[in-house]
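Bear in mind these aren't lab numbers, they're just calculated from the coordinates by the rules spelled out. As the structure is a computational prediction, the values presented were derived from the model and not from experiment. Backbone-built Cβ (ideal geometry, glycine too); neighbour counts: all protein chains shown.
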Amino acid sequence: MENQISPLYGASATYEYGANLYINMTNLCPNRCDFCLRQNSSGSLYASNLWYQGGEPTKEEFRAQLQQRDLNRYPEIVFCGYGEPACRWDDMMWLCDYIRSTGSHFIRINTNGLANLITGRNAALDLDGRVDAVSVSLNASTPEGYDKICHSRFGLKAFPALLRFTSTAVLNVPHVRMTVVSTMPKAEQEACQKVAESVGADFFVREYIRE
């Protein structure tokens, strides 16, 4: 069972990429980033299909898929997919608790860092004891730059919110990094690195993968 398509939702709820297992929590996202494949493609790179149709799996259905896998096979279990997993924050935390109950697994969340605005609370506090690593997409060094690139429905509130989320995550999660895409100009990469360092996070430039 590698990347099994859900017969109910027409997409992979869990899928393997490289050595890791990924959980496709949702297709929802509050951002419309210029560089995101969601804006330019109907396909996906990592599984045959990550677009849900007619609804998304319940947390119990995700758990059922995980129960069919040998979780000990995977160096990391990653909440990611073709949307922003924080849009289903409580379900994700519930699944983290389930995964923790099955053994000592390394859990990572890939996120845009807007969980506080999505949930209406200091969501990063929920990560303590649940998550081993968080990767936050930074994408710009200023609120205005972020708004221009990411077109968040939260507007200029988005950038300071992701910094607050990340600074709290650093205190509650062993490994936290902020990332940018490799197409970003060098000067802006350096400015973003300073932003990451200011909140105590590591910095990483990820390769931009075209379809």
Could you give the length gained on full extension between ASN20 and ARG164, defined as 0.36 nm per residue of separation minus the Cα-Cα distance, in nm? 49.0 nm
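Residue separation times 0.36 nm, minus the C-alpha to C-alpha distance between HIS175 and GLU144: what's the value? Kindly include the intermediate steps, with their values, before the conclusion.
On the way: separation 31, 0.36 × 31 = 11.16 nm, distance 2.76 nm.
Here the segment from HIS175 to GLU144 would lengthen by 8.4 nm.
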Any lysines with Cα under 22 Å of the LYS148 Cα? List them, leaving off those in the same chain fewer than 8 positions away. LYS157, LYS186, LYS194
Toward the positive end of the charge dipole of the chain, about the Cα centre and with charges on Cβ (Lys, Arg +1; Asp, Glu -1), which of PRO75, ALA201, SER101 goes farthest? ALA201
Using DSSP H assignments, which helices in the chain have an axial alpha-carbon span of 15 Å or above and a mean Kyte-Doolittle hydropathy of -0.5 or higher? 89-102, 158-172
Any aspartates and glutamates whose Cα falls less than 18 Å from that of LYS59, other than same-chain ones fewer than 8 residues away, would be GLU84, ASP90, ASP91, ASP97, ASP126
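Counting only DSSP beta bridges with both residues in the chain, tell me the antiparallel percent, nearest 5.
Details: 5 of 26 bridges.
Antiparallel bridges make up about 20 percent of those DSSP assigns within the chain.
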In whole Hz, the Karplus estimates of ³J(HN,Hα) for region 117-134 (6.51, -1.76, 1.60; θ = phi - 60°; x where Gly or Pro) are 6, 5, 8, x, 8, 6, 5, 4, 5, 6, 7, 4, x, 9, 10, 9, 8, 10
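If you put +1 on each Lys and Arg Cβ and -1 on each Asp and Glu Cβ, how big is the dipole of the chain around its Cα centre, in Debye rounded to 20?
Working: 20 positive and 23 negative charges, 54 e Å.
Result for the chain is approximately 260 debye, rounded to the nearest 20.
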With each label point set 7 Å from Cα along the Cα-Cβ vector, what nm distance links SER104 and ASP128? 2.2
